[in-house]
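All of the numbers you see were taken from the coordinates with simple rules; none came from a lab. Since the model is a prediction, treat every value here as computed from it, not as a measurement. FYI the Cβ positions are ideal-geometry reconstructions off the backbone, even for glycines, and counts take in every protein chain you see.
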Amino acid sequence: MREAVVSKRYAEALFELGEEKQLLDTFVEQFRLMKDILTEHEQLFTILKHPQVSVNKKQTMVQEIFKDFHKYVIHTIQLLVARQRIDLAPAIVDHMNELVNDAKGIAEATVYSVRPLTDEEQDVLAKKFAKQLHKNSVTFNNIVDPEILGGLRIRIGNTIYDGSVRGKLSRLERTIATANK
């Protein structure tokens, strides 16, 4: 729980700095890229967390690897390394993205379907859910899941909209089970 609070504080500070310096879009892009690099290259992540590697060596590595990034992004990564909090980086990026999306009126959603959705289908869903959620837009990450059998299951934040055949069958099964008691 404490780590969640700490990562939110870092994210809020980065969001405020990005707003103040008019660098939010740069921050979002570069911090997402940093998160991808750290999660895809486990060895790098392990080295940056390892207690036997000196902080100076770690910070030099960060400077070299992320040399094309904005100085504030590099400094933030180096700060996380120095304070032995680099493992919070993915959560910090996620929280910062939430803050930026809220400020821009954007909701992120995950759509589970039996086949990839076309751009047209995603546009229709985006318009419908943007209106329902009172947002400017909704962006979708489409995940193909043949186990839902048909229909869609959409997750926005902690809310799930289940219009899948599997979900309907499960609800029907529960209704029948409780009716027989």
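Observations on the structure shown:
- Measuring nothing but how far apart in sequence close Cα pairs (under 8 Å, 6+ apart) lie, relative to its length, the range 36-181 scores a relative contact order of 17 percent.
- Of the GluC sites (Glu not before Pro) in the range 98-181, not one is in a loop by DSSP (not H, G, I, E or B) with at most 10 other beta carbons within 10 Å.
- Loop sites in the range 51-104: trypsin sites (Lys or Arg not before Pro), DSSP, at most 14 other Cβ within 10 Å: 67, 83
- Net charge dipole size for the chain [Lys, Arg +1 and Asp, Glu -1 on Cβ; Debye, nearest 20]: 620 debye
- Helix axis angle, 71-82 relative to the chain longest principal axis, alpha carbon, degrees: 90 degrees
- Subset of 21/49; 35/57; 21/104; 128/168; 8/71 violating a 24 Å alpha-carbon distance limit: 21/49
- Cα-centre dipole for the range 14-102 with unit charges at Cβ (Lys and Arg positive, Asp and Glu negative), debye to 20: 600 debye
- Peptide ranges 39-51, 148-160 listed from the most packed, as the mean C-beta count within 10 angstrom indicates: 148-160, 39-51
- Assigned charges on the beta-carbon of Lys, Arg, Asp, Glu; the range 106-179 dipole about Cα centre (debye): 320 debye
- Listed residues 161, 103, 14: farthest to the positive end of the dipole of the chain (Cβ charges): 161
- The amide H of residue 150, built 1.01 Å from its N in the peptide plane, has 165, 166 as neighbours under 5 Å, considering only residues 5 or more places off or on other chains.
- Structural size metrics of the range 67-181, computed from C-alpha coordinates, are Rg and Dmax of 19.6, 66 Å.
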